[in-house]
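Participant: Right, I'll just put the structure down here and ask away after.
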Amino acid sequence: MDHSAHNKLVSFIWSIADDCLRDVYVRGKYRDVILPMVVLRRLDALLEPTKAAVLKEYHFQKDDMGLTELEDKPLTNASGYVFYNTNKDTLKDIRAKAVNSPHILSMELEAYLNGFSANVKEIISRFNLKAQIQHMARKNVLFGVLEKFVSDDINLTPFETEDHDGNRLPALSNLGMGYVFEELIRKFNEENNEEAGEHFTPREVIELMTHLVFDPVKDQLPDTITVYDPACGSGGMLTESQNFITDDEGPIQAKGRVYLYGKEVNDETYAICKSDMMIKGNDPANIRSGSTLSRDEFSGTGFDFMLSNPPYGKSWASETQFIKDGSDVIDIRFQVTLKDYWGKAERVDAVPRSSDGQLLFLMEMVSKMKPVKETAQGVSGGSRIASVHNGSSLFTGDAGGGESNIRRYIIENDWLEAIAQLPDNLFYNTGITTYIWLLSNNKPAHRKGKVQLIDASQLFRKLRKNLGKKNCEFSPQQVKAIAEHYVKMLGEEAVQADHDASQTPVAKVFDNSDFGYHKVTIERPDRRKAQFSAERIAPLRFDKSLKEPMEWAYEQWGAAVYDKTTLADHSKELLGWCEDNEITLNRKNRTKLLDVKTWEKQRKLLQMAEKLMEGVGEGEFSDFNVFRQQVDSLFKTASKLFLEESKTRFTATDKKAILNAVSWYDASAEKVIAKQTVMKEKDLKTLLATLGCAEAQLPDFGYYPVEGGKPHEYRAYESHADSRDTESVPLKDNIHDYFLNEVRPHVADAWINLPSVKVGYEVSFNKYFYKHTPLRSMEAVAQDIVTLEKQSEGLIADILGMDVATLVGEEVAHG
């Protein structure tokens with residue numbers, strides 16, 4: 001169908017809604033009637049030529065054979081499709097004999113719907129069509145809608161017809177039907193203020209994806225081909241893939257049958273997709289309804305080719321219960337095995353943030369890749385994947401996080417062949433930049449260990465009229481250019497001096513490891529001063545997690561808070577104060593706040609701090625190590641006294657709370673020692689081998705030799721959390737060398753926390769394809785100012801209070 005015929009058909013269908021439904025439905029709800037009626041009329045029209053044969057078989061089974069349950073196979077053979085209708089009437093018949101009774105008409109239509117095979121009945125139920133028919137009957141518009149859809153002015157059949165004036169109405173192919181659906185969905189979504197085109201992908205993008213997926217293996221297609229889309233929408237990816245490899249005049253010829261598989265969560269688009277599968281003779285049972293993330297529908301099944309445009313920027317929080325149990329991932333699709341920095345394999349999570357689930361769909365496809373087979377003739381089998389994503393899949397997530405783990409798993413397994421950047425505003429529902437990821441677990445030899453990045457962001461031609469947010473498209477020549485760069489694995493050498501960015505993409509080839517990095521934590525020593533004072537230890541009277549309400553209660557009632565009865569009497573007032581001051585307390589903290597034992601414990605802690613202050617004094621210490629040593633000694637003695645006198649036990653945690661209360665970070669203070677050990681010769685050799693350094697370099701890793709100490713005696717310092725920093729070190733760089741060159745010259749007392757190292761992966765198109773634009777010269781800027789001055793008729797000079805020519809001259813001279 002040509003473009004004008006397509007537009008005419010869409011306009012006619014849209015006019016049905018405007019003419020018949022305007023006072024019955026709000027415009028955003030037109031789709032609830034129009035889309036199922038388009039599907040219904042399409043199916044009805046296809047079955048019209050074989051109606052007599054189906055009825056003959058039906059009566060044979062019911063009357064002659066006496067069957068209570070019909071046998072589907074003979075009926076589908078009679079209809080010529082994988083569906084049928086055993087009702088005696090067609091929609092045209094029902095329209096022709098319609099009486100002036102909406103109730104009777106709705107009963108006739110319901111009986112007609114009940115005559116369909118089970119697969120069509122499911123589609124009808126997904127559309128909730130029976131309820132819509134009853135609603136239209138009550139509003140007395142059912143006859144008008146039916147009359148429009150069966151009129152000679154519209155042709156929803158795959159056969160050429162004529163209208164009532166004898167004008168030719170072109171056949172509506174399955175591809176044309178897809179175009180009609182997509183345009184109607186876009187228009188309906190716009191009317192309902194939804195994202196236009198939420199459920200489908202522009203056809204030229206699908207065409208590009210099919211080229212990228214099939215072209216490299218066009219001479220090695222398997223005898224039987226399976227294609228899968230885990231977010232299939234109305235089925236565009238699947239049907240276009242089938243068309244691409246079965247077109248008699250196309251560049252690729254499949255040897256055998258093509259089987260399509262998909263899953264879709266939206267009932268409406270699922271019904272459209274399934275009806276399209278039935279019309280084309282595909283097995284509708286291979287299209288499943290429901291959430292791909294919640295249920296592994298095709299578990300254990302592998303597919304040859306997978307293409308998808310999963311939802312991005314969409315939360316998967318509602319699916320969390322099926323994927324995770326608390327913090328543990330329970331779905332094996334989203335668990336992967338990776339090695340840590342030391343080479344130890346570990347099972348890690350491969351789930352992104354709950355606000356964006358697009359990478360989960362990619363992992364779903366990865367889990368469905370067929371294994372590669374090695375035979376005497378060479379390597380065969382495997383799968384190829386094309387998936388559309390936005391930029392967040394490339395770089396969000398820290399090293400060791402879910403997104404990074406997914407990228408790392410794919411790249412380290414050498415499955416990522418290429419990523420192509422597409423133009424902005426290419427899709428109907430978003431203007432952001434999008435990317436096509438291309439994966440294969442059977443890379444050809446010249447691609448092994450490599451990833452190709454293709455920048456096609458400048459390849460597009462403008463549309464005359466925007467479609468949603470879509471204002472551009474690929475031309476056939478541009479699709480060919482991108483596919484050629486990919487298939488030939490072209491890089492920078494393909495770019496000529498007279499490169500035309502609007503016709504030829506830019507491509508670069510990288511090693512897998514170019515995208516990886518080590519996230520290294522750089523520590524600095526904690527330096528603390530300490531001093532006992534009444535003001536510093538006073539907050540110990542209150543539990544840290546309940547500081548505000550305990551302070552307020554103590555101010556109100558003083559020592560009475562240590563009396564169980566008084567505390568209970570004031571409990572309602574205390575909790576009311578918390579509520580008034582928007583302090584939320586869980587059940588545990590409420591109980592803790594109103595328990596006199598909490599108050600007594602904190603008072604004893606304060607008393608312990610007072611006793612320590614008596615022993616140490618109130619002088620300031622610049623060496624926390626000396627201060628802590630004195631406190632340790634006194635704490636042991638005081639703890640015994642408290643235990644004997646009041647049965648109060650103090651722990652190391654209590655001592656730490658006191659030390660934290662009376663100390664603070666100061667860059668001029670001495671470093672705080674964490675521990676000091678003497679290493680055996682054997683242990684030292686093991687450590688040096690692990691760190692990959694010489695003994696003299698141990699301070700770079702936090703092991704400092706003790707001056708005047710024993711042989712191999714080393715000291716480690718406490719790290720200061722607020723001074724802690726991280727560095728991203730490329731995988732190809734040595735961490736220690738990077739530290740010596742990039743960190744040590746600027747921070748003399750820093751060291752590498754090697755046990756904390758994590759491996760991450762990210763892909764940055766901006767970094768790899770950045771083009772520097774020089775600043776404009778002062779002369780050019782000055783000339784613009786003079787031009788603006790002429791246009792403003794002296795306004796700039798009046799505002800500045802001086803002659804513009806003089807100002808421009810001064811600026812150029814100073815520039």
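The values are calculated or read from the model by the stated rules, or taken from the named source; none is laboratory data. Every value quoted in this text rests on a predicted model; they were computed, and no experiment measured them. Ideal geometry is used to build each Cβ from the backbone, glycine not excepted, and the neighbour counts take in all protein chains shown. We work out accessible area using only protein heavy atoms, side chains counted, and drop any ligands, DNA or RNA first. Shrake-Rupley method; radii C 1.70, N 1.55, O 1.52, S 1.80 Å.
Participant: Please go through (1) touching a Lys or Arg at 6+ places or on another chain (Cβ under 8 Å); (2) touching a residue at least 24 places away in the same chain (Cβ under 8 Å) for LEU540 and return the number of the only condition it doesn't satisfy.
Facilitator: So LEU540 meets the others, but not (1).
Participant: Does the stretch 131-175 hold any residues that are within 37 Å of the chain's Cα centre (by Cα) and under 27 Å from VAL265 (Cβ atoms), and which are they?
Facilitator: Matches in the stretch 131-175: ALA131, GLN132, ASN174, LEU175.
Participant: Does any residue of the stretch 669-684 turn out to be open to solvent by 60 Å² or more (accessible area, probe 1.4 Å), of a type in the set (D, E, K, R), farther than 23 Å from ARG541 by Cβ and touching a Phe, Trp or Tyr at 6+ places or on another chain (Cβ under 8 Å)?
Facilitator: Checked the stretch 669-684: at least one residue is open to solvent by 60 Å² or more (accessible area, probe 1.4 Å), of a type in the set (D, E, K, R), farther than 23 Å from ARG541 by Cβ and touching a Phe, Trp or Tyr at 6+ places or on another chain (Cβ under 8 Å).
Participant: Counting just the residues of the stretch 129-188 that are open to solvent by less than 40 Å² (accessible area, probe 1.4 Å) and polar (S, T, N, Q), which one comes out farthest from LEU21 (Cα to Cα)?
Facilitator: THR157
Participant: Looking at LYS314, LYS255, LYS263 in this structure, which one is more than 30 Å from SER125 (Cβ to Cβ), touching a residue at least 24 places away in the same chain (Cβ under 8 Å) and among the basic types (Lys, Arg)?
Facilitator: Exactly one residue qualifies, and that residue is LYS255.
Participant: Another question about this same structure. Go through the stretch 388-434 and count every residue that is closer than 23 Å to SER513 by Cβ and not acidic (Asp, Glu).
Facilitator: 27
Participant: Filter the stretch 17-33 for residues that are surrounded by fewer than 20 Cβ atoms within 10 Å (Cβ to Cβ) and not in a helix (DSSP H, G or I) and give the result.
Facilitator: Matches in the stretch 17-33: ARG22, ASP23, VAL24, VAL26.
Participant: Answer yes if at least one residue in the stretch 319-328 is in contact with an Asp or Glu (Cβ under 6 Å, 6 or more places away or on another chain), assigned to a loop (DSSP other than H, G, I, E, B) and either under 22 Å from ARG353 (Cβ atoms) or small (Gly, Ala, Ser) (or both), and no otherwise.
Facilitator: No, there is no match, as no residue in the stretch 319-328 is in contact with an Asp or Glu (Cβ under 6 Å, 6 or more places away or on another chain), assigned to a loop (DSSP other than H, G, I, E, B) and either under 22 Å from ARG353 (Cβ atoms) or small (Gly, Ala, Ser) (or both).
Participant: Return the residues of the stretch 622-661 that are closer than 19 Å to ALA721 by Cβ and either exposed (fewer than 12 other Cβ atoms within 10 Å of the Cβ) or within 47 Å of the chain's Cα centre (by Cα) (or both); say none if nothing qualifies.
Facilitator: THR653, LYS656, ALA657, LEU659, ASN660, ALA661
Participant: Please report, ordered by residue number, the strands (runs of 3 or more DSSP E) entirely within the stretch 693-766 with at least 2 residues that are of a type outside the set (Asp, Glu) and within 30 Å of ILE436 (Cβ to Cβ).
Facilitator: Fully inside the stretch 693-766 and qualifying: 725-730, 751-761.
Participant: What pairs come up if the first residue lies in the stretch 688-716 and is closer than 18 Å to VAL672 by Cβ, the second is open to solvent by 60 Å² or more (accessible area, probe 1.4 Å) and assigned to a loop (DSSP other than H, G, I, E, B), and their beta carbons are under 7 Å apart, counting only those six or more places apart or on different chains?
Facilitator: TYR714/TYR703; ALA716/TYR703
Participant: Taking the stated definitions as given, is HIS720 closer than 30 Å to TYR341 by Cβ and surrounded by fewer than 17 Cβ atoms within 10 Å (Cβ to Cβ)?
Facilitator: No.
Participant: So ASP44 ticks every box in (1) among the acidic types (Asp, Glu); (2) surrounded by fewer than 20 Cβ atoms within 10 Å (Cβ to Cβ); (3) in contact (Cβ under 8 Å) with a residue 40 or more places away in the chain but one. Which box is left unticked?
Facilitator: All conditions are met except number (2).
Participant: Okay, next question. Among the strands (runs of 3 or more DSSP E) confined wholly to the stretch 426-496, which include 1 or more residues that are closer than 15 Å to THR201 by Cα?
Facilitator: 434-440, 461-467, 470-473
Participant: Right, next: Determine whether the stretch 227-241 contains at least one residue that is out of contact with any strand residue (DSSP E or B) (no Cβ under 9 Å at 6 or more places or on another chain), charged (D, E, K, R) and touching a residue at least 24 places away in the same chain (Cβ under 8 Å).
Facilitator: No, the stretch 227-241 has no match at all.
Participant: In addition: Which residue out of PRO36, PRO49 is modelled with pLDDT of 85 or more, surrounded by fewer than 14 Cβ atoms within 10 Å (Cβ to Cβ) and not small (Gly, Ala, Ser)?
Facilitator: PRO49
Participant: Would you call SER393 out of contact with any strand residue (DSSP E or B) (no Cβ under 6 Å at 6 or more places or on another chain), among the hydroxyl-bearing types (Ser, Thr, Tyr) and farther than 15 Å from VAL336 by Cβ?
Facilitator: Taking the combined requirement at face value, the residue satisfies it.
Participant: Right, here's the next one. Within the stretch 734-760, track down each residue that is in contact (Cβ under 8 Å) with a residue 40 or more places away in the chain, open to solvent by 50 Å² or more (accessible area, probe 1.4 Å) and more than 15 Å from PHE701 (Cβ to Cβ).
Facilitator: LYS758
Yes/no per residue for (1) over 23 Å from GLU240 (Cα atoms); (2) part of a strand (DSSP E or B); (3) small (Gly, Ala, Ser):
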site	(1), (2), (3)
PRO352	yes, no, no
MET365	no, no, no
SER393	yes, no, yes
GLY400	yes, no, yes
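Participant: What is the one condition in (1) farther than 16 Å from ASN309 by Cβ; (2) modelled with pLDDT of 95 or more that GLN377 does not satisfy?
Facilitator: Result: GLN377 passes all but (2).
Participant: Take GLU264 and tell me if it is open to solvent by less than 60 Å² (accessible area, probe 1.4 Å), farther than 18 Å from ILE385 by Cβ, in contact with a Phe, Trp or Tyr (Cβ under 6 Å, 6 or more places away or on another chain) and among the acidic types (Asp, Glu).
Facilitator: yes
Participant: Can you pull out the residues in the stretch 552-571 that are charged (D, E, K, R) and over 18 Å from THR591 (Cβ atoms)?
Facilitator: Within the stretch 552-571, just GLU555 meets the criteria.
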